[in-house]
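The values are calculated or read from the model by the stated rules, or taken from the named source; none is laboratory data. All values reported here derive from a predicted model rather than from experimental measurement. Here Cβ is always computed from backbone atoms with ideal geometry, including for glycine, and neighbour counts include all displayed protein chains. Note: areas computed on protein heavy atoms with side chains; ligands, DNA, RNA excluded. Shrake-Rupley method; radii C 1.70, N 1.55, O 1.52, S 1.80 Å.
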Amino acid sequence: MNDTEAVIKKHLHRVAPEANLDQLRPEDDLGNALDIDSMDFYTMMVALSEEFGVEVPEEEYGQLRSLKSITTFLERSVNRPMDS
Amino acid sequence: MPSLGSQMIEARLIQWLVKPGDTVKRGDIIGEIDTEKGLIDIEVFEDGVVTELVSEEGEVIPVGSVMAVIDGEDEGEKAKAKLASPPEEPEKKEPRKKREKAATPPEQPETASREVPLHRVKASPLARRVAEDLQVDLSKVKGSGAEGTIHKKDVEAFAKQKAADETFEKELDMAEHLSAAGTGGMRQAIAAAMSRSNREIPHYYLETEIDMKVPLDWLNEQNKERAVSDRLLPPMLLIKAVANVLTELPALNGFWTDEAMHVEEGIHIGFAIALRQGGLVIPAILNADLKSLEETRSAFVDMVMRAREGHLRSREISSATITVTSLGERGADKVYGVIYPPQVALVGFGKIAKRPQTVDGAIGIRPTLSVVLAGDHRASDGHTGSRFLEKLNEQLQHPEAL
């Protein structure tokens with residue numbers, strides 16, 4: 001598990017403290033796998049956005065459904081040059 | 001001890017957040033209580049100075065008991081013991097009707113509880129005979145005849161309500177007993193309220209499907225310009241739309257008590273929030289009709305966060321005049337809700353999903369939302385309910401005006 005994943009899991013644990021995150025597979029839909037709703041998801045994305053210092057564009061928001069897609073998005077956004 | 005609903009009897013004081021000598025302002029949180037609705041923050045409804053903390057931390061306190069004494073800055077004695085009875089809302093658009101109650105609906109309105117000497121009670125001879133048979137105190141019955149004359153049907157209705165209340169009380173005793181035995185007070189409180197609802201409220205259900213393309217497209221456009229923390233979510237639109245419609249159809253906003261509908265002036269939208277540990281809470285967005293969509297958004301986010309952390313305020317847990325439940329994107333298609341007594345309506349939103357719709361004479365696939373209105377047939381009819389759904393659709397098709 002890389003650092004980005006660990007941070008995402010830290011925030012997932014905050015919204016779903018009883019869930020066993022070790023069993024979560026990278027492609028799993030987080031809503032179905034952890035029974036989190038749109039407000040939980042919103043809470044997590046606000047926290048991640050602040051922690052990584054990235055904005056989440058509207059066209060991306062709906063695509064971020066799994067550990068893998070969120071990790072990819074965050075790593076890409078953090079490494080993106082400021083002017084792009 | 002404030003009442004946070006008709007079924008609440010007592011609660012445990014967890015901690016005081018003030019001490020004698022502290023100055024408090026209206027809206028300040030002064031303590032935390034553990035109720036069957038979870039941990040709730042107690043708000044103070046008067047400015048003043050705390051002079052005495054009557055209740056001790058850890059103590060179980062009956063509803064209505066004085067927990068603390070606050071001396072109002074201007075009104076001295078009058079402000080004492082205001083914790084149990086929140087005053088009327090100061091903010092109002094224009095009075096639709098004089099508000100009869102503050103945030104907490106009493107079980108018995110003043111007219112029924114006032115003692116009147118029996119010989120002055122106006123009642124028909126048949127009503128007196130029936131009252132004697134049914135052991136009903138006529139001074140407590142509200143007459144429907146000329147000049148308040150009590151008829152047989154009034155006595156029978158009163159006796160029926162009394163029997164229902166007694167059954168409810170027994171269930172509450174059982175709930176308390178089970179709660180004390182550690183089987184989950186919240187579950188039992190929900191059980192008591194929902195049993196009462198299905199026993200007493202003649203529900204009618206009306207449903208419709210709303211084309212959500214326009215509101216969702218508008219939402220997406222709005223969110224493009226917003227930071228992730230300021231996102232608008234569909235439930236915020238739904239709550240605001242319901243509040244706006246209720247300004248036009250107040251018959252669905254209020255309480256059924258004492259065999260009559262009491263329309264409430266304030267529109268406080270209770271929103272059902274499921275808790276991960278099981279059960280649900282229904283805090284209210286207060287005066288939702290007077291809030292802008294942006295204010296509704298921020299109130300909603302704040303309320304949901306606090307509901308999940310166990311920091312709801314006493315006033316928002318006891319004030320709802322109607323309930324909205326939204327199952328969200330992963331929920332069922334439709335929800336046929338059970339009205340929370342003494343409210344008279346519940347609006348159930350299913351999940352928004354792509355379904356075939358007829359648009360301009362052609363069939364297309366559109367995001368649609370099933371809305372089911374549960375109404376109390378004692379308080380309103382299908383005609384009012386239908387108009388509600390129609391107006392709700394109109395509101396949602398013009399999201400920019402919400």
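Here B:368, B:384 are screened, and the one residue that is open to solvent by less than 40 Å² (accessible area, probe 1.4 Å) and more than 30 Å from residue B:260 (Cβ to Cβ) is B:368. Would you check which residues across segment B:196-217 are free of Cβ contacts under 8 Å to residues at least 40 places away in the same chain and not acidic (Asp, Glu) and list them? Scanning segment B:196-217 gives a single hit, B:199. Could you list, in sequence order, the residues of segment A:57-84 that are open to solvent by less than 10 Å² (accessible area, probe 1.4 Å) and without any contact (Cβ under 8 Å) to a residue 24 or more places away in the chain? Answer for segment A:57-84, where residues must be open to solvent by less than 10 Å² (accessible area, probe 1.4 Å) and without any contact (Cβ under 8 Å) to a residue 24 or more places away in the chain: A:64, A:73. Count, please, the residues in segment A:1-48 that happen to be in a loop (DSSP other than H, G, I, E, B) and either modelled with pLDDT of 90 or more or open to solvent by 10 Å² or more (accessible area, probe 1.4 Å) (or both). Residues meeting the conditions: 14. When you check residue B:315 against the structure, is it in a helix (DSSP H, G or I), under 23 Å from residue B:12 (Cα atoms) and of a type in the set (Lys, Arg), yes or no? For residue B:315, the condition - in a helix (DSSP H, G or I), under 23 Å from residue B:12 (Cα atoms) and of a type in the set (Lys, Arg) - is met.
Of the residues making up segment B:28-60, those that are under 30 Å from residue B:192 (Cα atoms) and assigned to a loop (DSSP other than H, G, I, E, B) are B:36, B:37, B:44, B:45, B:55, B:56, B:57, B:58, B:59.
Of all residues in segment B:186-233 being in a helix (DSSP H, G or I), more than 14 Å from chain A (Cβ to nearest Cβ) and under 23 Å from residue A:41 (Cβ atoms), which is least open to solvent (accessible area, probe 1.4 Å)? Filtering first and then ranking leaves B:215. Within the option set B:244, B:287, being away from every other protein chain (no Cβ under 14 Å), within 19 Å of residue B:386 (Cα to Cα), in contact (Cβ under 8 Å) with a residue 24 or more places away in the chain and not hydrophobic (A, V, I, L, M, F, W, C) holds for one residue only, B:244. In this structure, residue B:263 qualifies as at pLDDT 95 or above, open to solvent by 20 Å² or more (accessible area, probe 1.4 Å), closer than 23 Å to residue B:379 by Cα and in contact with a strand residue (DSSP E or B) (Cβ under 9 Å, 6 or more places away or on another chain). Only residues that are in a strand (DSSP E or B), among the small types (Gly, Ala, Ser) and either in contact (Cβ under 8 Å) with a residue 12 or more places away in the chain or farther than 12 Å from residue B:211 by Cβ (or both): list them for segment B:351-394, please. Scanning segment B:351-394 gives B:353, B:362, B:370, B:374, B:375.
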